[in-house]
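Structure, as structure tokens:
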Amino acid sequence: MATTENWTKGAGLKDRYLLFVDTKTGQANQVEFPNEGYFREIVQVKIDELGINKIIVSAQTVDVDGKNGIDWNDPKQIFVLSTDGKESVQLTDHKFFVRTWVVNKKTGAIVVTGHYDTNNNGKYDKTDKNEILIFDLKTLKLLAKI
């Protein structure tokens, strides 16, 4: 797997995507992300005992204020992809600002902390709702919202 950015002279960034290459066949599959988005973390989670082998990507893909493109003030989302890139699921909502995430390797759950900007002011403040989300990495279903 590789991250790829194509640039053009004068026009800037043309496109950005993840490229998955089958090293046995040479066949490639690309997963598109918004041009102005940013990849923050890309991690493979492999837990043989639970039959889990996924790629977890945290990325900023949404310009919530609609003004200046995607920047540090915009939320991070969590995406889970198959190791060939053919399946992709966005776990967290566009309006959920992911702060941290961790995988429990004994249960196969991903625990995500963050908040919803309930007053839509683009800042973290007292009125925002903090939450902990727990997803099953095998089924990609929400197990709990705390």
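Quick notes on this structure:
- Residue within the stretch 10-27 that is under 25 Å from F135 (Cβ atoms), modelled with pLDDT of 95 or more and among the hydroxyl-bearing types (S, T, Y) present: no
- Residue selected from the stretch 84-105 under the condition surrounded by 15 or more Cβ atoms within 10 Å (Cβ to Cβ) and polar (S, T, N, Q), by the criterion nearest to D128 (Cα to Cα): T92
- In the stretch 57-83, the residues that are touching a residue at least 60 places away in the same chain (Cβ under 8 Å) and more than 14 Å from Y17 (Cα to Cα): V80, T83
- Scanning the stretch 106-146 for residues being among the charged types (D, E, K, R), more than 18 Å from K76 (Cβ to Cβ) and either touching a residue at least 60 places away in the same chain (Cβ under 8 Å) or buried (at least 17 other Cβ atoms within 10 Å of the Cβ) (or both) gives a total of 1.
- Residue-level check: of (1) loosely packed, with under 15 Cβ neighbours inside 10 Å; (2) at pLDDT 95 or above; (3) under 16 Å from F39 (Cβ atoms), G69 misses just (2).
- When restricted to residues that are in a strand (DSSP E or B) and more than 30 Å from T23 (Cβ to Cβ), the stretch 110-136 contains 12.
- Restricting the search to strands (runs of 3 or more DSSP E) fully inside the stretch 33-107 and requiring at least 2 residues that are on the phi < 0 side of the Ramachandran plot and out of contact with any Leu (no Cβ under 6 Å at 6 or more places or on another chain) gives 38-47, 52-60, 77-82, 96-104.
- Where D93 falls short, out of the listed (1) modelled with pLDDT of 90 or more; (2) touching a strand residue (DSSP E or B) at 6+ places or on another chain (Cβ under 6 Å); (3) not hydrophobic (A, V, I, L, M, F, W, C): (2)
The values are calculated or read from the model by the stated rules, or taken from the named source; none is laboratory data. Predicted, not measured: the structure shown is a model, and the values here were computed from it. Note that we place each Cβ from the backbone using ideal geometry, even for glycine, and neighbour counts take in every protein chain shown.
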